[in-house]
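Notes to accompany the following structure.
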Amino acid sequence: MERLTSPPRLMIVSDLDHTMVDHHDPENLSLLRFNSLWEHAYRHDSLLVFSTGRSPTLYKELRKEKPLLTPDITIMSVGTEITYGNSMVPDHGWVDTLNHKWDLGVVKEETGKFSELTLQAETEQRPHKVSFYVDKSKAQDVTKELSLRLEKRGLDVKIIYSGGMDLDILPQGAGKGQALAYLLKKLKSEGRLPLNTLACGDSGNDAELFSIPDVYGVMVSNAQEELLKWHAENAKDNPKVIHAKERCAGGIIQAVGEFKLGPNLSPRDVSDFLECRVENVNPGHEVVKFFLFYERWRRGEVENSEAYIASLKASCVSHPGGVFVHPSGAEKSLVDTIDELRKYHGDKQGKKFRVWVDQVLATETNHGTWNVKFDKWEQSGDEHRGCTTTVKFTAKEGEGLVWERVEQTWSEESELKKDDSSWII
Ligand code: GLC
Ligand code: MG
């Protein structure tokens, strides 16, 4: 987060399951559309926040299964745990505020008396969150009765019903909304209050996000009954909250457009962009475009044409030749690498094959020379692997950005770390 010294242009605070992630879309298309939009137009000056009900354990599992970007801030366990950056540094200040009128032992004791409640997995029981499953038909009565009993025991708790099955008990001061309010206050005190904030959700535990002042909100089209009911009763007249027509991440992109928060055309929705090479002088965009082309080339979704290859070669520095350092350590010329890529046209046709880039950050080293650092991920079948990548670009008069040097090393999380042979770039 420190990389931003001025107020972020946009802060997106999004739930994951059934909001950022569409579990009904095995192709993850709307998520991939969001990813390329974010990396191309927002990463450099905006903040991405994930706010999930999942514990750190289940959050990390989801990251392995789905093409999720790396957020700047991660709020987990229904707003009871906040962490920052890639290494997920916990916010201890936030945790301290949650002990007010909270006693885990008492919550466990009282809930144990309800036969309607089924305890969730051990990983989902957290210091400030106790979670159960409960039948829809019994949720309201149980919630009422439980609140009374815990109040009698001197606690002040919040009980949230989500997804028509999950019941979470949290300290009154916790929850996704309170965590967002805390974050906004913190950013403000640092002089980095976002110019706009957009909250995105689909279920009961997201409702609070939509009652934070000055925050735009989108309930994705597939929002749960309990959230729509909450909205009808509490926020119907708030023009800053919409119910999107599109599912999941598609609804987030739609809201960015409707509220005019910035660009909302995902590079994935552009079919042919090699043509506009000369006008484009944004190095981050160049990277997003190239790897999208690479995916389409291998999926056989772009024509196998010499013009494409020639255009790619023309975008590499020729004298002395541009260099590519493969993750194996081998050095090749960039032009040879493009020649090699030519042979792979359509090799992933009809197969599960997707490519995305994460944390694209460009820095101008000298006037007209750029270093772009990012992670390039590739999903082939059910395997994900990724490389930390650096690209050096030079802006050349009339030619746009020219690729000078690409260097890759296997990322730590990569599953097939040493399989060098099947990695092209
Ligand atoms: C996630 C959590 C679960 C919680 C639910 C609703 O699924 O894993 O513990 O009950 O979100 O907040
Ligand atoms: Mg959800």
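Do you know which of the residues in the stretch 30-67 that are hydrophobic (A, V, I, L, M, F, W, C), more than 16 Å from ligand 1 (Cβ to nearest atom) and without any contact (Cβ under 8 Å) to a residue 60 or more places away in the chain is nearest to Gly381 (Cα to Cα)?
That would be Trp38.
Determine, yes or no, whether Arg3 is buried (at least 20 other Cβ atoms within 10 Å of the Cβ) and charged (D, E, K, R).
Criteria not met by Arg3.
Can you tell me which residue in the stretch 6-20 is nearest to Asp269 (Cα to Cα), limited to those that are surrounded by fewer than 23 Cβ atoms within 10 Å (Cβ to Cβ) and within 16 Å of ligand 2 (Cβ to nearest atom)?
The qualifying residue nearest to Asp269 (Cα to Cα) is His18.
Just one of the numbered conditions (1) among the hydrophobic types (A, V, I, L, M, F, W, C); (2) under 18 Å from Glu81 (Cβ atoms); (3) touching a helix residue (DSSP H, G or I) at 6+ places or on another chain (Cβ under 8 Å) is not true of Leu184; which one?
(3)
Go through the stretch 184-207 and give me each residue that's without any contact (Cβ under 8 Å) to a residue 60 or more places away in the chain and either in a loop (DSSP other than H, G, I, E, B) or closer than 23 Å to Ser131 by Cα (or both).
Matches in the stretch 184-207: Glu190, Gly204, Ala207.
Of the residues that make up the stretch 92-107, is at least one modelled with pLDDT of 95 or more, away from ligand 1 (no atom under 13 Å from the Cβ), touching a His at 6+ places or on another chain (Cβ under 6 Å) and more than 27 Å from Arg33 (Cβ to Cβ)?
Yes; the residues of the stretch 92-107 include at least one that is modelled with pLDDT of 95 or more, away from ligand 1 (no atom under 13 Å from the Cβ), touching a His at 6+ places or on another chain (Cβ under 6 Å) and more than 27 Å from Arg33 (Cβ to Cβ).
Okay, residues lined up against (1) at pLDDT 95 or above; (2) farther than 16 Å from Glu378 by Cβ; (3) among the aromatic types (Phe, Trp, Tyr):
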residue	(1), (2), (3)
Glu295	yes, no, no
Ala314	no, yes, no
Asp336	no, yes, no
Asp339	no, yes, no
Tyr344	yes, no, yes
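Quickly run through the stretch 154-206 and pick out the residues that are of a type in the set (A, V, I, L, M), within 11 Å of ligand 1 (Cβ to nearest atom) and buried (at least 21 other Cβ atoms within 10 Å of the Cβ).
Answer for the stretch 154-206, where residues must be of a type in the set (A, V, I, L, M), within 11 Å of ligand 1 (Cβ to nearest atom) and buried (at least 21 other Cβ atoms within 10 Å of the Cβ): Ile160, Leu167, Ile169, Leu170.
Could you pull out the residue among Leu16, Leu32, Leu10 that is of a type in the set (A, V, I, L, M) and closer than 16 Å to Gly262 by Cβ?
Every option except Leu10 fails the conditions.
From the set of residues in the stretch 68-85 that are within 13 Å of Arg126 (Cβ to Cβ) and either out of contact with any helix residue (DSSP H, G or I) (no Cβ under 9 Å at 6 or more places or on another chain) or of a type in the set (A, V, I, L, M, F, W, C) (or both), which is nearest to ligand 1 (Cβ to nearest atom)?
Per the stated criteria, the residue is Val78.
Would you point out which residue out of Ser211, Ser221 is among the small types (Gly, Ala, Ser), surrounded by fewer than 22 Cβ atoms within 10 Å (Cβ to Cβ) and within 16 Å of ligand 2 (Cβ to nearest atom)?
That would be Ser221, the only listed residue that is among the small types (Gly, Ala, Ser), surrounded by fewer than 22 Cβ atoms within 10 Å (Cβ to Cβ) and within 16 Å of ligand 2 (Cβ to nearest atom).
With farther than 24 Å from Glu27 by Cβ and either surrounded by 13 or more Cβ atoms within 10 Å (Cβ to Cβ) or touching a Leu at 6+ places or on another chain (Cβ under 8 Å) (or both) as the only criterion, which of Gly300, Gly284, Gly251 stands out?
Of the residues listed, the single one that is farther than 24 Å from Glu27 by Cβ and either surrounded by 13 or more Cβ atoms within 10 Å (Cβ to Cβ) or touching a Leu at 6+ places or on another chain (Cβ under 8 Å) (or both) is Gly284.
What do you reckon, is Asn222 within 26 Å of the chain's Cα centre (by Cα) and either in a helix (DSSP H, G or I) or in contact (Cβ under 8 Å) with a residue 12 or more places away in the chain (or both)?
yes
Go through the stretch 141-181 residue by residue and tally those that are in a helix (DSSP H, G or I), more than 22 Å from Asp103 (Cα to Cα) and either modelled with pLDDT under 95 or away from ligand 2 (no atom under 16 Å from the Cβ) (or both).
2
Among the strands (runs of 3 or more DSSP E) contained in the stretch 317-425, which hold 2 or more residues that are touching a residue at least 60 places away in the same chain (Cβ under 8 Å)?
Because the criterion is at least 2 residues that are touching a residue at least 60 places away in the same chain (Cβ under 8 Å), the strands (runs of 3 or more DSSP E) in the stretch 317-425 that meet it are 323-325, 353-366, 369-380, 383-396, 400-410.
Tell me which residues, restricted to the stretch 201-223, are of a type in the set (S, T, N, Q) and within 15 Å of Val78 (Cβ to Cβ).
Those that are of a type in the set (S, T, N, Q) and within 15 Å of Val78 (Cβ to Cβ): Ser203, Asn205.
The values are calculated or read from the model by the stated rules, or taken from the named source; none is laboratory data. Bear in mind the structure is a predicted one, so any value in this text is a computation, not a measurement. Ideal geometry is used to build each Cβ from the backbone, glycine not excepted, and the neighbour counts take in all protein chains shown.
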